[in-house]
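S.K.: Take a look at the following structure, please.
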Amino acid sequence: MNLFYFIGMSLNVLFLGEIVGRAGIACLKKGLKGLKQKYEADLCIANGEGTTNGFGLGFPHSVQLSKLGIDVITGGEKLYYKPDLVENIAKCSYIIRPANYPPQSPGRAYRILNIKDRKIAVTNFLSSSGFSRSSANNPFTQADFLISKLKEENDIVLVQFHCATTAEAATFAHFLDGKAAAVIGTHNKVLTADAAVLEKGTAFISDNGRCGSALSVGGLDESTEIEKFLKALPLRSREAWRDGQIQGVLVRINEENGLAESIIPVIENVKIEKPEEKHD
């Protein structure tokens, strides 16, 4: 019997950490299909705003992630960094922008999927603190309204919260406890040790890590990041390629009451190699 086979009426949702650069894509190419089979995942959600060179999500990369098996790609403060995505996001049903962005913002605030005869709503919020260039509204008041609306027409509501601090992520999860089946934090790209099912049935972790280089600075080359601190120069970050890893969490949801039964960390080592650089 599969170690992660769950008996009963349950839905298995795989939440992957932020995909960082080409190394993150390489990890998914090699490991995602087997990982979904291993955990018998019914749905796969990932934060994709660091996919293109670590900063933003280009339109071709978004299509590639969808074809690799990511059902829903969530964003954050860097989602609009690539103009080609902004131009095409309206036709990308698999991408959701932060729901607390202004209503005029390009893209969708949530996605509805039908899985195992259940209607599942996935939505995404951005912290109102820690992102100086963001125009996001208060995520707490926005979430209270939107999730109440989504609960009226859907069996299960899943939330990703792109947040700079673990304290705000935990506060947000407790605020939504019993309203959403899961509140999964992203942004810091470090798999935290606070995964838990809260008192009223909401699965929570303040950050579900990253897909890419594990031995790095958030998936980026450490030598460049060190130089930034030593010289105060606005250097361009570079992708790291050592120790490929897919990180995230698996949430088991009871199909009958739409709440979480368990949450476990996911760490899958993947052998990746940096492609040779082309020179003219």
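S.K.: Mind scanning Lys189/Lys274; Lys38/Lys274; Lys67/Lys200; Lys91/Lys151; Lys29/Lys116 and naming the pairs with a C-alpha gap bigger than 31 Å?
M.R.: Over 31 Å apart, Cα to Cα: Lys67/Lys200.
S.K.: Further question: Taking the beta-carbon count within 10 Å as an exposure proxy, list Val86, Val159 from fewest neighbours to most.
M.R.: Details: Val86 16, Val159 29.
Going from least to most buried by this count: Val86, Val159.
S.K.: How large is the dipole of the chain about the Cα centre if only Lys and Arg carry +1 and Asp and Glu carry -1, each at its Cβ, rounded to the nearest 20 debye?
M.R.: Here the size comes out at about 560 debye.
S.K.: How big is D for region 118-206, in µm² s⁻¹ as a whole number, if Stokes-Einstein is applied with the Kirkwood radius of its Cα pairs at 20 °C and 1.002 mPa s?
M.R.: It comes out at roughly 164 µm²/s.
S.K.: Now for a different question. With a bin width of 5 angstrom, please list the P(r) values of region 64-158 as percents of all Cα-Cα pairs, from the 0 bin to the one holding the largest distance.
M.R.: Using 5 Å bins, I get a P(r) of 2, 13, 22, 24, 19, 13, 6, 1, 0 for region 64-158.
S.K.: Please compute the Kirkwood hydrodynamic radius over the chain, one decimal place, Å, based on all pairs of different Cα atoms. Don't skip to the answer; put the middle values down first.
M.R.: Working: mean 1/r = 0.0534 Å⁻¹.
One over the average 1/r among Cα pairs gives 18.7 Å for the chain.
S.K.: If contacts are Cα pairs under 8 angstrom and at least 6 residues apart, what is the relative contact order of the chain in percent?
M.R.: Working: 700 pairs, mean separation 57.5, N = 280.
Result for the chain is 21 percent.
S.K.: Then there's this: Rank Ile115, Ile147, Ile264 by mean-square fluctuation in a GNM of the chain with C-alpha springs under 10 angstrom and give only the top-ranked residue.
M.R.: Of Ile115, Ile147, Ile264, the Gaussian network model singles out Ile115 as fluctuating most.
S.K.: Along the three principal axes, how long is region 197-259 when you take its alpha carbons, biggest first, rounded to the nearest angstrom?
M.R.: The Cα atoms of region 197-259 stretch 55, 23, 14 Å along their principal axes.
S.K.: Just rank Thr74, Thr141, Thr171, fewest to most, by other beta-carbon atoms within 10 angstrom.
M.R.: Final ranking by Cβ density, sparse to dense: Thr141, Thr171, Thr74.
S.K.: Using the charge dipole of region 186-226 (Lys, Arg: +1 at Cβ; Asp, Glu: -1 at Cβ; taken about the Cα centre), state which of Gly219, Ala196, Gly209 has its Cα farthest towards the positive end.
M.R.: The listed residue farthest towards the positive side: Ala196.
S.K.: Would you list Ile156, Ile263, Ile253 from fewest to most Cβ contacts within 10 Å?
M.R.: By the 10 Å Cβ count, ascending, the order reads Ile263, Ile156, Ile253.
S.K.: Let me ask another. Note down the relative contact order for region 34-107 as a percent, whole number, built from C-alpha pairs under 8 angstrom at least six residues apart.
M.R.: Across region 34-107, relative contact order equals 28 percent.
S.K.: Okay, moving on. Kindly work out what percent of the DSSP beta bridges joining two residues of region 28-163 are antiparallel, to the nearest 5. Before the final figure, lay out each step's value.
M.R.: Values: 6 of 19 bridges.
Counting only bridges with both partners in region 28-163, antiparallel ones make up about 30 percent.
S.K.: In percent, what relative contact order does region 1-137 have, based on Cα pairs under 8 Å that are 6 or more apart in sequence?
M.R.: 18
S.K.: Output the antiparallel fraction of DSSP beta bridges having both residues in the chain, as a percent to the nearest 5.
M.R.: In the chain, DSSP labels about 50 percent of beta bridges as antiparallel.
S.K.: Is it possible to state the helix-based mean residue ellipticity at 222 nm for the chain, with each DSSP H run of 4+ residues giving -39500 (n - 2.57), the sum divided by total residues, to the nearest 500 deg cm²/dmol? What is it?
M.R.: Calculated mean residue ellipticity at 222 nm is -7500 deg cm²/dmol.
S.K.: Distance from the Cα centre of region 21-50 to that of region 214-257, in angstrom?
M.R.: 15
We did not get these values from a lab; they are worked out from the coordinates using the rules stated. Remember, it's a predicted structure, so these values are computed and weren't measured experimentally. In this analysis, Cβ positions are derived from the backbone assuming ideal geometry, glycine residues included, and neighbour counts consider all displayed protein chains.
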